[in-house]
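Worksheet: one structure, shown below.
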Amino acid sequence: MSAHEPLPVRIRPLQRSDLPGVMQLHRELGWNPAFKADGSTLGQRLAALITEESALLLVAEHDRHVVGYVHGEVVTHLLFAGRELLITEVFVVGSARGRGVGTALMAAIETQAAARKCFRISVLNSRERESYRRGFYPSLGYEERPSVVNFTKRLDWG
Ligand SMILES: CC(C)(COP(=O)(O)OP(=O)(O)OC[C@H]1O[C@@H](n2cnc3c(N)ncnc32)[C@H](O)[C@@H]1OP(=O)(O)O)[C@@H](O)C(=O)NCCC(=O)NCCS
């Protein structure tokens, strides 16, 4: 099978039984130091998100394996007559990249965002990432905003 052949996947909401699959995906990507090595931090955070009203969590399943997931959070802006979906993560396992899985995940979460009456969908993408260099988001119709800068400040909440 060619590496560029579309990979057939089923996109569906993340369930508790997917947690080991998502953790495995993160291990393969290179375990983030923010997570404990036994996966408990990530597992607990994901489990808590499943019941969060503001969270959208979808997985891409191929051959009963989780090969990717997307997480978005619905945020409210008082200035707009609607809400915004902020994509916090979209990950596809290395061996499945470039085969349409990320595109399918983004299409599915866009549909869910529209159903939640979001007027906009947005994502932060590091310029250092391969996905930025290869224009993943522009290829899906996303526009880079030249007039907006993303400021952040770390907060200590004890
Ligand atoms: C970015 C990512 C989610 C895209 O998912 P994917 O399944 O590889 O993407 P698709 O197959 O749907 O490809 C869509 C387009 O993305 C581009 N692309 C971006 N990053 C890519 C990558 N690492 N590998 C292959 N294609 C990539 C391709 O140009 C492709 O367009 P084309 O098919 O016309 O060439 C996935 O590559 C990934 O998990 N990367 C690492 C994590 C990451 O960067 N996440 C986004 C952070 S905000």
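Each value in this text was obtained by applying a stated rule to the coordinates, not by laboratory testing. Predicted, not measured: the structure shown is a model, and the values here were computed from it.
Are there DSSP H segments in the chain that both extend 18 Å or more along their axis (alpha-carbon positions) and score a mean Kyte-Doolittle hydropathy of at least 1.0? List them, or say none.
On the way: long enough: 101-115 (21 Å, 1.09).
Length and hydropathy pass: 101-115.
Only DSSP H runs of four or more residues enter the estimate; each adds -39500 (n - 2.57), and after division by the residues of the chain the mean residue ellipticity at 222 nm equals -8500 deg cm²/dmol. Restricting the calculation to Cα atoms, the range 5-63 yields a radius of gyration followed by a Dmax of 12.4, 36 Å. With contacts taken as Cα pairs under 8 Å at a separation of at least 6 residues, the chain carries a relative contact order of 21 percent. Most fluctuating residue of Val93, Val75, Val101 in a GNM of the chain with Cα springs under 10 Å: which is it? Sorting by GNM fluctuation, first place goes to Val75.
Once the range 33-149 is represented by equal point scatterers at the alpha-carbon sites, with solvent omitted, what log10 I(q)/I(0) does the Debye formula produce at q = 0.14, 0.19, 0.21, 0.22 Å⁻¹? Log-scaled intensity ratios, in q order: -0.67, -1.20, -1.38, -1.45. When the chain is treated as a Gaussian network with alpha carbon springs shorter than 10 Å, the biggest mean-square fluctuation among Arg145, Arg99, Arg133 belongs to Arg145.
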